[in-house]
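These notes concern the structure reproduced below.
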Amino acid sequence: MSTLKGKDILHGNQFTKKEIEAILKVASQFEKELKQRGSIPLLKGRILATLFFEPSTRTRLSFETAMQRLGGGVIGMGSVEGSSVAKGETLIDTIQTVSQYADVIVLRHPRTGSAREAADATAIPIINAGDGAGQHPTQALLDIYTIRKELGTLKNLTISLVGDLKNGRTVHALVEVLSLFQAKLYFVSPESLRMPGEITSTLREKGIEVIETEDMLEAGRMSDLIYMTRIQKERFTDLSEYEKVKGSFVIDQTFLDQVKKKITILHPLPRVDEIHPEIDSYPGAAYFRQVKNGVYVRMALLAMIFGKR
Ligand code: NCD
């Protein structure tokens, strides 16, 4: 039985290597099984609630897909504007209310730490689907699943993380998970958007080699994989600061030609202009396959949280 039974999923650093390996294994079994059967009804009668206080396409729809492919039901508020949050209801009261209906809550909220607050307010599992510029642990799991599938291994990899490393919650969560597999990491960002110092120093304390640079080409040439991210415009208080850094890093055919080797490209999406659509047909462009993997990994997580794997 999984050690994740009844647990909250809040932070990329909460998993042991064994747990990650177990999640990846279940996800890959589900991927095969789903192709044969279309659904795996392990969670009949269970209800998942989605509470999204920030925009989402993939995270919400893949959780809904995952729950329904497992035979469970899904409830959601639609928009925050259409709920009692618009009347001033607090997050904690909303969580306590939704806990009366659902068996698990998937929460996305603009405040860092909000998922932890929600988890403290209820006995049912909270899954953090992004807390401000904090964490996005389920994205990290689908990312690592995709990395292993695309590259065939998680051992001895060199990975470049590019873009808004300061505000990007996906990279904050992903490096925690990657640190369990001894990857060598290039952090490529404008000076003003560097990875928070405490994250970088914790990684180095764990013995992970981290190189910070603004040179995406040099980093790309050294890497097996580039994890591209969007500059998080909504996190800037001063839009003129955003204007200064937008478009800093772009992957296009010219860039790929200069890298001169086969490289895998991931992106949590949505993209703005940091990956040119001309490379969507490049075989190493794996970001839409990454989207699909989100369903298998979230199915695995849900099944394990309910003790069904
Ligand atoms: C990301 C997010 O919301 O943090 N998207 C996602 O969940 N796939 C990335 C982003 O918004 O840039």
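The values are calculated or read from the model by the stated rules, or taken from the named source; none is laboratory data. Everything numeric here is computed off the predicted structure, so don't read it as measured data. Here the Cβ is made from the backbone with ideal geometry for all residues, glycine too, and neighbour counts use every protein chain on show. Please note that ligands, DNA and RNA were not included when accessible areas were found on the heavy atoms of the full protein model with its side chains. Shrake-Rupley method; radii C 1.70, N 1.55, O 1.52, S 1.80 Å.
Taking a point 7 Å from the Cα of residue 289 along the Cα-to-Cβ direction, the residues of the stretch 31-48 with backbone N closer than 16 Å to it are 31-32. When the alpha-carbon atoms of the stretch 137-290 are used, the pair Rg, Dmax equals 14.4, 42 angstrom. Axis of helix 17-37 versus longest Cα principal axis of the chain: the two differ by about 70°, to the nearest ten degrees. For the residues 134, 76, 207, a GNM of the chain with alpha-carbon springs under 10 Å puts the largest fluctuation on 207. Against the chain, whose longest principal axis is taken from its Cα atoms, helix 169-178 shows a tilt of about 80°. Using a simple spin-label model with pseudo-atoms 7 Å out from Cα toward Cβ, residue 217 and residue 182 lie 3.3 nm apart.
GNM remark for the chain: springs join alpha carbons under 10 Å apart, and the peak mean-square fluctuation among 70, 107, 256 falls on 256. With the simple model of a label 7 Å out from the Cα in the direction of the Cβ, residue 32 to residue 123 spans 3.8 nm. Computed about its Cα centre, the charge dipole of the stretch 137-290 is approximately 560 debye, with only Lys, Arg, Asp and Glu carrying charge at their Cβ. Based on alpha carbons, the Rg and Dmax found for the chain are 19.1, 56 Å.
At a 1.4 Å probe radius, carbon and sulfur cover how many percent of the accessible area of the chain?
Carbon and sulfur together cover 50 percent of it.
When both the stretch 215-260 and the stretch 101-153 are represented by their alpha-carbon centers, they are found 25 Å apart.
Angle between the Cα long axis of helix 58-69 and the longest principal axis of the chain, 0 to 90 degrees, nearest 10? For helix 58-69, the angle is close to 50 degrees.
What 222 nm value per residue comes from the helices of the chain, counting each DSSP H run with n ≥ 4 as -39,500 (n - 2.57) and dividing by all residues, nearest 500 deg cm²/dmol?
Details: 11 runs with 123 residues, N = 309.
-12000 deg cm²/dmol, from helical runs alone.
Between residue 25 and residue 237, full extension at 0.36 nm per residue minus the direct alpha carbon distance yields a gain of 72.1 nm. Taking only the alpha carbons of the stretch 1-106, we obtain Rg and Dmax values of 15.6, 47 Å in that order.
Bridgeable aspartates and glutamates around residue 32 (alpha carbons under 18 Å apart, same-chain partners fewer than 8 residues away excluded): 21, 150.
Accessible area per residue for the chain is 43 Å², calculated with a 1.4 Å probe on protein heavy atoms, without ligands, DNA or RNA.
Could you work out the relative contact order of the stretch 17-134? I mean the mean sequence separation of Cα pairs under 8 Å and 6+ apart, divided by the number of residues, in percent.
On the way: 165 pairs, mean separation 28.8, N = 118.
Here the relative contact order equals 24 percent.
Counting 0.36 nm for each residue step from residue 262 to residue 3 and taking away their Cα separation leaves a gain of 89.5 nm.
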